[in-house]
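What follows is calculated from the coordinates using simple rules that are stated; it is not laboratory data. None of these values were measured; they are calculated from a predicted model. Heads up, the Cβs are rebuilt from the backbone with ideal geometry, glycines too, and the neighbour counts pull from every protein chain shown.
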Ligand code: GLC
């Protein structure tokens with residue numbers, strides 16, 4: 001089974017892939033991976049014991065973001081580069097003789113269609129992005145939706161993502177957490193007022209909305225501490241600078257911390273975890289991570305997040321309107337006003353998330369899908 005991912009940078013889908021690799025039952029599957037660039041994911045996958053190689057894309061192709069990829073796909077020079085890369089990749093894949101090709105990023109999904117056809121291998125897509133015009137350029141949406149009928153199977157990370165591929169039979173596999181990421185018991189700690197966001201700094205994650213909401217919260221709770229943990233990636237450095245400027249007058253009431261590997265420790269230091277994405281998030285792994293650490297969650301009601309924060313009819317946190325600063329502030333203040341109530345809900349969230357989102361379940365669903373796909377073309 002061959003995994004293809006175009007990026008070796010650590011986005012959410014790549015962190016999910018690393019955990020999946022660790023969780024695979026190697027008596028049942030024999031995975032290996034090929035990345036289209038070198039980067040931190042390379043070592044991380046290697047450390048899971050899955051052999052991993054690199055088939056480099058030209059840096060220009062690798063750097064095309066979703067917007068420009070959609071616009072430039074018709075440009076002859078880009079088309080020629082994609083063709084050359086696809087031919088090189090195909091001959092590498094042919095030598096590896098996988099029984100199945102599994103792609104985990106949009107660029108790999110699209111190139112995977114050609115590689116699978118040329119090598120006559122079954123293809124399984126794992127889609128981590130919402131295929132929707134509020135998330136991707138329209139040309140990309142059309143192309144991906146059209147081609148999503150080709151793979152032997154399409155796995156998606158949430159019902160929210162599934163809804164963006166209408167008419168396509170999909171398998172839902174929620175990204176799962178590892179046992180050691182979760183607290184063994186819900187925390188018992190004194191109520192404080194540290195309110196924070198953890199994640200990549202980006203307009204799609206909503207740090208600007210969070211800072212604006214925090215300003216309102218501080219009027220009501222002047223002793224609250226605001227915390228933003230994360231680094232800018234994928235060209236969001238200007239946005240990061242702008243948000244910091246916007247927050248300058250908050251002085252030492254706001255703390256900025258760089259991205260760290262130890263998300264658990266960062267979460268344990270929070271009394272309220274905020275997920276402020278103004279655009280619908282396909283899934284939202286960090287929300288699950290907050291739940292399994294027993295931290296009360298305030299999150300925007302969009303994309304995959306309501307699926308995570310609801311178990312049947314029970315609401316496991318506070319949902320607010322995406323992009324609405326006043327509603328976000330209201331949600332945070334509600335949690336701060338009733339710490340016992342927030343802790344009780346967080347305890348239910350802890351239990352529910354532990355049961356619903358283990359990576360063992362993800363691995364079982366994904367492996368079963370691979371097997372069905374491989375069998376369907378034999
Ligand atoms: C992508 C999505 C994110 C999801 C992750 C894992 O990074 O943007 O919402 O949690 O993949 O599926």
key: Estimated distance in nm for a label pair at residue 27 and residue 55, the labels positioned 7 Å out from Cα along Cα-to-Cβ   = 3.2 nm
task = Enter the angle in degrees (range 0 to 90, nearest 10) between the Cα long axis of helix 339-356 and the first principal axis of the Cα atoms of the chain, meaning the one along which they spread out most.
result = 20 degrees
query = Once the piece of chain linking residue 138 and residue 79 is laid out straight, how much longer is it, given 0.36 nm per residue of separation minus the C-alpha distance between them?
reply = 19.4 nm
ask   = What's the extension gain from residue 268 to residue 163 if we count 0.36 nm per residue and subtract their Cα-Cα distance?
value = 34.4 nm
inquiry  = Per-residue counts of other Cβ atoms within 10 Å, averaged by peptide: what ranking do you get for 140-153, 102-115, highest first?
reply    = 102-115, 140-153
key: the chain: calculated mean residue ellipticity at 222 nm from DSSP helix runs of at least 4, using -39500 (n - 2.57)   = -14000 deg cm²/dmol
task = Could you tell me how many degrees, from 0 to 90 and to the nearest 10, lie between the Cα long axis of helix 237-246 and the main elongation axis, the longest principal axis, of the Cα atoms of the chain?
result = 10 degrees
task = For residue 355 and residue 246, compute 0.36 nm times the residue count separating them, minus their Cα-Cα distance, and round to one decimal in nm.
result = 35.3 nm
task = Return, for the Cα atoms of the range 191-257, the radius of gyration and Dmax in Å, separated by a comma.
result = 11.5, 37
task = For an R0 of 41 angstrom, estimate the FRET efficiency from the Cβ-Cβ distance between residue 375 and residue 219 and round to the nearest 0.05.
result = 0.10
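Output the antiparallel fraction of DSSP beta bridges having both residues in the range 179-356, as a percent to the nearest 5.
Of those bridges, close to 10 percent are antiparallel.
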query = When the Cα centres of the range 220-257 and the range 1-26 are compared, how far apart do they sit, in Å?
reply = 30 Å
Where Rh is the Kirkwood radius over Cα pairs, Rg/Rh for the range 179-356 = 0.93
ask   = Among rounded, prolate and oblate, which fits the range 309-351 when a ≥ b ≥ c are the square roots of the eigenvalues of its C-alpha gyration tensor, a/c under 1.5 means rounded, and a/b larger than b/c means prolate?
value = oblate
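Once R0 is set to 22 Å, what does the formula 1/(1 + (r/R0)^6) return for the Cβ-Cβ distance between residue 188 and residue 257, expressed as a FRET efficiency to the nearest 0.05?
So, using R0 = 22 Å, E works out to roughly 0.35.
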inquiry  = If I model the chain as equal point scatterers sitting on the Cα atoms and use the Debye formula, what is log10 I(q)/I(0) at q = 0.07, 0.08, 0.09, 0.12 Å⁻¹?
reply    = -0.32, -0.42, -0.53, -0.92
request  = Please give the residues of the range 337-378, grouped as numeric ranges, whose backbone N is less than 14 Å from a label point set 7 Å along the Cα-to-Cβ vector of residue 179.
outcome  = 358-361
message = What is the angle, in °, between the Cα long axis of helix 106-119 and the longest principal axis of the Cα atoms in the chain? Nearest 10 is fine, range 0 to 90.
response = 20 degrees
